[in-house]
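I have placed the structure first, in the form of structure tokens, so that the comments after it can refer back to it.
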Amino acid sequence: MIDVCDIQVMKPLLAEHGFHFSKAKGQNFLTQKWVPESIALEAGVDETAGVLEIGPGIGPLTQQLCLRAGKVCAVELDQRLEPILKQTVGAFPNLEIIWGDVLKLDVPTLVGEKFAGLRPMACANLPYYITTPILTALLEAECFDSVTVMVQKEVAQRIAAQPGTGDYGAFTVFCQYYAEPELLFDVPAHCFLPQPKVTSAVVSLRCRKELPWDIADQTVFFRTVRSSFAMRRKKLSNGLASGFPELGKAGAEEVIAQCGFDANVRGETLSIPEFAKIANAIAARRN
Ligand code: SAM
């Protein structure tokens, strides 16, 4: 197996195919084998797993996944990588490469078709310019056991943040609504070619089998969350009044009091069950 992380191998391989990195496609390729190995190991990939990989690049993580998984489907946007991937991962019988934009995929249908009888999971060194939409699609698909991804460290910290901290925000609540995150390890910039300007980190999201929240209306819940963080330095009543104009300031204050919170409470201190309580009270008033 070609060690695509070895810079002495990678550079001639890329040159042979006249490949130049595309910044617009978020191409930073791994140059340290311990990173893709650790991602595959920490994700618990074994022969019972069907793994969706996003952005295989020249295949360092793909190799580690194919060595362990029952099946791997890798979705890659940049078709210039086809001849390189043929050389680096073409021999794996359990690999299927899907050419196209991951954001245009119907993820639940793909998972149903490709991973029947397997434990579906997603693993990726994500293209950072579309981290949020990709994670949103993977979690909303509600079809994975786990999602293990490399992202910017700052994003990983936001995903795993606790209420009342500066990193806690609407995206934290969204991720923790669907999954339980765990920060795994940092990956310094020198582990990539070209080197990104930021430190990266690998985070694992264990997807909830059943959502444990008692939520009357999911749309109202997420609107409550977004409104609460839209004015994070202000009182929750201001955010709710602006996110739900039909409530008005007085209605927002009533909801907060009815749910047993202090009038000065701020959205950034609320846990998911507390957001649910407020969202349910708003939903009840609207009915
Ligand atoms: N997995 C490789 C590695 O770790 O070295 C490459 C990771 S690189 C950060 C991100 C990869 O995602 C690139 O190969 C890029 O072409 C691909 N990519 C970018 N946008 C994409 C999209 N919308 N759909 C699928 N793949 C995409």
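The values are calculated or read from the model by the stated rules, or taken from the named source; none is laboratory data. Nothing here was measured: the structure is a model prediction, and the numbers come from that model. For neighbour counting, all protein chains shown are included, and Cβ atoms are generated from backbone atoms with ideal geometry for every residue, glycine included. When the accessible area is computed, the model is the full protein with side chains, heavy atoms only, and any ligands, DNA or RNA have been set aside. Shrake-Rupley method; radii C 1.70, N 1.55, O 1.52, S 1.80 Å.
Worth a mention:
- Unique residue being closer than 22 Å to Gly117 by Cβ and touching a residue at least 24 places away in the same chain (Cβ under 8 Å) when the list is Ala49, Ala24: Ala49
- Only one of Ala156, Ala122 that is open to solvent by less than 20 Å² (accessible area, probe 1.4 Å), modelled with pLDDT of 95 or more, within 16 Å of the ligand (Cβ to nearest atom) and touching a helix residue (DSSP H, G or I) at 6+ places or on another chain (Cβ under 9 Å): Ala122
- Top-ranked residue of region 184-219 - restricted to ones that are within 27 Å of Arg119 (Cβ to Cβ) and free of Cβ contacts under 8 Å to residues at least 24 places away in the same chain, ranked as most open to solvent (accessible area, probe 1.4 Å): Lys209
- Considering region 209-287, the qualifying helices (runs of 4 or more DSSP H), each wholly inside and each with 1 or more residues that are over 24 Å from the mean Cα position of the chain (by Cα) and farther than 30 Å from Val147 by Cβ, run over 236-243, 248-258, 272-286.
- Selection status of Leu65, outside any loop (DSSP other than H, G, I, E, B) and either over 18 Å from Ser204 (Cα atoms) or not assigned by TED's automatic domain parsing to the domain that holds Val149 (or both): no
- Out of Lys11, Lys23, sole residue that is within 12 Å of the ligand (Cβ to nearest atom) and more than 15 Å from Ser200 (Cβ to Cβ): Lys23
- Residue match in region 101-112 (condition: open to solvent by 20 Å² or more (accessible area, probe 1.4 Å), modelled with pLDDT of 95 or more and over 18 Å from the mean Cα position of the chain (by Cα)): yes
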